[in-house]
Every structure is written in C-alpha cells, then in structure tokens.
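Written out below as structure tokens is the structure these notes cover.
The values are calculated or read from the model by the stated rules, or taken from the named source; none is laboratory data. Please read these numbers as outputs of a predicted model, since none were measured by experiment. Don't worry about glycine lacking a Cβ; one is built from the backbone with ideal geometry, like all the others, and counts go over all protein chains shown. Each accessible area value is taken on the protein alone, full model and side chains, heavy atoms only, with ligands, DNA and RNA left out. Shrake-Rupley method; radii C 1.70, N 1.55, O 1.52, S 1.80 Å.
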Amino acid sequence: MGKSRAVRRLSQALGFGLLVAATACATSGPYVWADDYIAAVEKHPRQAYLIAIGDLVAVRVFGHDDLSVRERIREDGKISLPILKDVDAAGLAPQALGEQVRARLKDYVNAPVVTVTVEESRPLIIPVLGEVTRPGQYTLEKDSGVLEALASAGGLTDYAHRDRIFILRRQSAPVRIRTTFSGLSQGQGRASALRLQRGDCVIVE
C-alpha cells in the first residue's frame with residue numbers, strides 16, 4: 001500500500017490529532033530484531049522507575065506532617081509542596097526526587113528525612129498504527145506486550161505484512177524494534193517477552 005493511501009486511511013480513521021502522532025511514529029530506517037534488542041538490554045541492570053506526568057506520588061517528611069503531601073504530577077511535570085512551592089518531578093526516580101526535596105528543605109528543617117513513593121502510575125497508553133483494523137491509542141494493562149496492543153486494535157488487516165511489526169521506542173537514542181506475528185503468537189524466540197513501555201508506538205506495515 002502506497003504512503004499516500006496509508007496517510008489517507010489514517011486521516012479518515014484517526015482524525016487530525018492522532019494523524020500527527022502517526023506521522024511522528026511512522027519513521028522508517030534501521031531497526032533491530034526483538035531477540036537482539038532483548039539480549040542487549042539484559043546486559044544492563046534495569047533502570048529505576050521514573051516518575052511521569054499523571055503519577056500520584058506521596059512525599060513524606062519524617063516528623064513533619066504539615067510538609068507531607070500526596071500530589072499528582074501536573075502536565076508541566078511539577079508538584080506543589082508546602083514552603084517549596086513548585087518542584088520538578090517528572091523524569092526523576094523517586095529517590096532522586098526525595099533527595100531534591102531534602103536538599104531544598106535544609107534551609108527550613110533541621111536534618112530533614114524525606115521519602116517519596118509512587119502510589120499510582122498513569123495508564124499505559126500506546127498508539128497502534130498502520131495495517132490494523134482500528135488504528136488508535138489504547139489504554140493497556142501494565143506489562144502488556146505487542147499482542148495485547150494488536151488485539152485492542154482489532155488485529156491485523158488483510159494488507160498487513162506479518163513479518164513487519166515494529167515497536168518505535170523513544171529512549172535517549174530512539175530505536176525501531178522489529179518482530180513478526182508468528183514469533184509473537186507462537187512464542188518463537190523471545191519477542192513475546194518484550195513488554196511495552198510508556199512512549200512506545202506499535203506500527204504494522
């Protein structure tokens with residue numbers, strides 16, 4: 001299917017807002033097979049959870065209930081804390097946010113002890129685009145894989161290339177991860193173990 005036809009199809013199905021997202025996701029170029037990507041990732045320790053917009057966090061200052069809060073991260077990535085006002089939070093690990101709050105509180109509290117916990121994370125929302133029955137953005141359960149995303153979008157169309165399913169992952173260096181439908185559905189290799197992350201986009205060509 002030509003690119004112009006694909007764009008028209010996405011435009012009709014998604015509307016302008018999601019078409020912008022589709023354009024951002026639908027990049028071509030180099031890719032890595034899912035098995036190779038997983039093998040590379042497993043060589044490095046798992047990164048700490050990073051706080052994101054929409055997360056509900058509890059900031060507790062030991063012995064100071066008046067300074068302790070439960071706040072949801074705003075769209076600007078900040079939370080409001082007593083005395084300190086706005087504090088950057090999105091993109092930080094809970095421990096890093098706690099250290100930041102502790103450092104700023106030292107001017108007001110003697111030897112503050114601060115803990116930060118994520119009480120509720122925002123939903124996993126994944127765009128599923130290209131040759132699927134219902135292109136769109138879908139809210140998935142935490143730790144969902146590509147099969148769950150494809151099922152939410154109604155499965156593949158008759159035009160889909162079953163060996164050209166991609167996950168566009170936006171990390172420090174964006175990467176296109178390629179897999180196949182048979183690999184996912186039959187558990188061939190390790191592709192079925194790949195979990196989707198926030199910011200991922202699933203594309204079927």
_In region 124-158, the GluC sites (Glu not before Pro) that fall in loop regions by DSSP, at most 16 other Cβ within 10 Å_ = Glu141
_Need the full-extension length gain, Val69 to Lys106, defined as separation in residues times 0.36 nm minus the C-alpha distance. One decimal, nm._
11.6 nm
*Per-residue SASA entry for Lys78, accessible area with 1.4 Å probe, Å² rounded to 10*: 60 Å²
*Please arrange Leu84, Leu147 by accessible surface area, largest first, computed with a 1.4 Å probe and ligands excluded.*
Leu147, Leu84
*Multiply the residue separation of Asp36 and Arg134 by 0.36 nm, subtract the distance between their alpha-carbon atoms, and state the gained length in nm to one decimal.*
32.3 nm
*At a probe size of 1.4 Å, how large is the accessible area of Asp107, to the nearest 10 Å²?*
130 Å²
*asked:* Report the Cα centroid-to-centroid distance between region 144-159 and region 51-97 in angstrom, as an integer.
replied: 36 Å
